[in-house]
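The values are calculated or read from the model by the stated rules, or taken from the named source; none is laboratory data. The structure displayed is predicted, hence computed values, not measured ones. A quick note on method: Cβ atoms are made from the backbone with ideal geometry, for glycine too, and the neighbour counts reach across all protein chains shown.
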Protein chains: 2
Amino acid sequence: MQPWLDEIRWDSDGLVPAIAQEASSGDVLMFAWMNREALSATVERGQAVYWSRSRQRLWHKGEASGHWQQVHEIRMDCDNDVLLLKVSQLGHDPGIACHTGRHSCFFQRLQSGAWQPVEPVLLAPEKIYK
Amino acid sequence: MQPWLDEIRWDSDGLVPAIAQEASSGDVLMFAWMNREALSATVERGQAVYWSRSRQRLWHKGEASGHWQQVHEIRMDCDNDVLLLKVSQLGHDPGIACHTGRHSCFFQRLQSGAWQPVEPVLLAPEKIYK
């Protein structure tokens, strides 16, 4: 019995969007999706587990990269259909959430009518995914 | 000609998720959706314009509440399918992004197996929507 799971308004695919925010800095690190199983696993483990829509399977963040996310807090929005996770990004200092080796996935900034990468690569992807 | 709009991977409904984050505090305020027209209008006005999926029309945030969002910066993620807006939440001090009269839409925290509201109502909704 997990009535708090039933309060979430899962979409027609059984998913909700999840935003991961670094607890210490406030930086928004990434955006992903969760189903009931992913959220249950996240709560049980205290580490972020998402649902990979491209691979159609549970995705324990860090399973390939070693860049886990410790989850401190889970928030839900006013419509009960979006989650916000306050996390510590583990496995590298400073934390690497993005598969490109950057701190945050949101590294492209719109300026002068073009998307410009404005954050450095902290670790080359070929060193992350061996 | 707006090639930067074509670089975005719009979903099958022509939408992308957009996260609004308060520039000054780092607080994640809300989550909404944008289509091409909403994002173009956001850039032109310098104020957040979303696409309301429930009403199926452009939604200039603040049009009913007076709680506008000034947009300082627009970021895009590594997959080119999620946007992050750095905003100032205007019209009330402290800023009210949520239709419930709270600062942030993410005011429910999971604790002891239940969702608990953990942020105060700053202004009653009936005073916002007259």
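At a glance:
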{"item": "Test result for B:D79, among the acidic types (D, E) and at the interface with chain A (Cβ under 8 Å from one of its Cβ atoms)", "result": "yes"}
{"item": "Filtered residues of the stretch A:14-29 (kept if facing chain B (nearest Cβ under 9 Å) and either assigned to a loop (DSSP other than H, G, I, E, B) or in contact with a helix residue (DSSP H, G or I) (Cβ under 7 Å, 6 or more places away or on another chain) (or both))", "result": "A:S25, A:G26, A:D27"}
{"item": "Subset tally (residues that are under 12 Å from A:W33 (Cβ atoms) and touching a residue at least 60 places away in the same chain (Cβ under 8 Å)) for the stretch A:43-77", "result": "0"}
{"item": "So A:V43, is it of a type in the set (A, V, I, L, M), more than 9 Å from chain B (Cβ to nearest Cβ) and surrounded by 13 or more Cβ atoms within 10 Å (Cβ to Cβ)", "result": "no"}
{"item": "Which listed residue, of A:H72, A:H60, A:H92, A:H99, is surrounded by fewer than 21 Cβ atoms within 10 Å (Cβ to Cβ), closer than 19 Å to A:I128 by Cα, at pLDDT 95 or above and within 14 Å of another protein chain (Cβ to nearest Cβ)", "result": "A:H99"}
{"item": "Every residue from the stretch A:78-130 that is of a type in the set (G, A, S), touching a residue at least 24 places away in the same chain (Cβ under 8 Å) and more than 21 Å from B:F31 (Cα to Cα)", "result": "A:S88, A:G91, A:G95, A:G101"}
{"item": "Residue within the stretch B:1-20 that is acidic (D, E), modelled with pLDDT of 95 or more and under 28 Å from B:D93 (Cβ atoms) present", "result": "no"}
